[in-house]
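Shown next, in structure tokens, is the structure this report addresses.
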Amino acid sequence: MDREALIRNIQRAIQTERDGNLYYMRAAEATKDSKAEAMFNQLARDELYHINVLEDFYSDLLQNVPGERVEGFPIFEDRKKELGGAMPEFGNDYEVLQKALSDEIEARDYYRKKAGQFEEIKAKDLFLDLAEMEEGHVRLLQAEIDFLEKTGFYFDHMEFDVEGEKG
């Protein structure tokens, strides 16, 4: 992948992470559960960290080349409509978690795909690191969903089996 394509991908990744940050901040404001609020606030802070990582890489890459405003990846497209203007109707926490999980899976898969398209080691490593961070979000969100669904699993570990024995 050429330098211009790398620059565009970094710009789009930054905007995508900004969209994710906004989504999680709004979700934190909308929830009535203090634990869910804390989790969404942490996810929002994580997205800010991703932005900082990307912006540092972008800054090193550009060195005085002016950037242009770009749209994010389509990962948060549906969420952008919800977030525009007034506070969206988020529904219940379960629905918010399901949407967030879907978005994080898409982000993780996208970053993995992009990592495979770069020959430059720094760029490849950047996108692999981002994919790994998004995988952490996937695991966290899935654990919260499993808890709400009372599946008996928490962070991929069976808490009990059908015989009632602790796993």
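The values are calculated or read from the model by the stated rules, or taken from the named source; none is laboratory data. Keep in mind the model is a prediction, meaning the values are calculated, not measured. As a convention, Cβ positions derive from the backbone with ideal geometry for all residues, glycine included, and neighbour counts pool all protein chains shown.
Descriptive notes on the structure:
- Of all the listed residues (Ala131, Ala115, Ala123, Ala143), the sole one being in a helix (DSSP H, G or I), small (Gly, Ala, Ser), over 30 Å from Asp2 (Cα atoms) and at pLDDT 85 or above is Ala143.
- Enumeration of residues in region 110-148 that are acidic (Asp, Glu) and in contact (Cβ under 8 Å) with a residue 12 or more places away in the chain: Glu119, Glu120, Asp129, Glu134, Glu135, Glu144
- Residue that is farthest from Ile121 (Cα to Cα), among those in region 1-36 that are assigned to a helix (DSSP H, G or I) and polar (S, T, N, Q): Ser34
- Near pairs, Cβ below 8 angstrom, 6+ apart or cross-chain, from region 46-60 (more than 15 Å from Asp19 (Cβ to Cβ)) to any residue that is basic (Lys, Arg): Phe57/Lys122
- Of the criteria (1) modelled with pLDDT of 90 or more; (2) aliphatic (A, V, I, L, M); (3) over 18 Å from Asn41 (Cα atoms); (4) buried (at least 18 other Cβ atoms within 10 Å of the Cβ), which one Ala100 fails: (3)
- Inclusion of Thr16 among residues that are closer than 25 Å to Gln117 by Cα and in contact with a helix residue (DSSP H, G or I) (Cβ under 6 Å, 6 or more places away or on another chain) is warranted.
- For first residues located in region 14-36 and farther than 19 Å from Ile105 by Cα, partners that are part of a helix (DSSP H, G or I) and among the hydroxyl-bearing types (Ser, Thr, Tyr) and lie 6+ apart or on another chain with Cβ distances below 6 Å do not occur.
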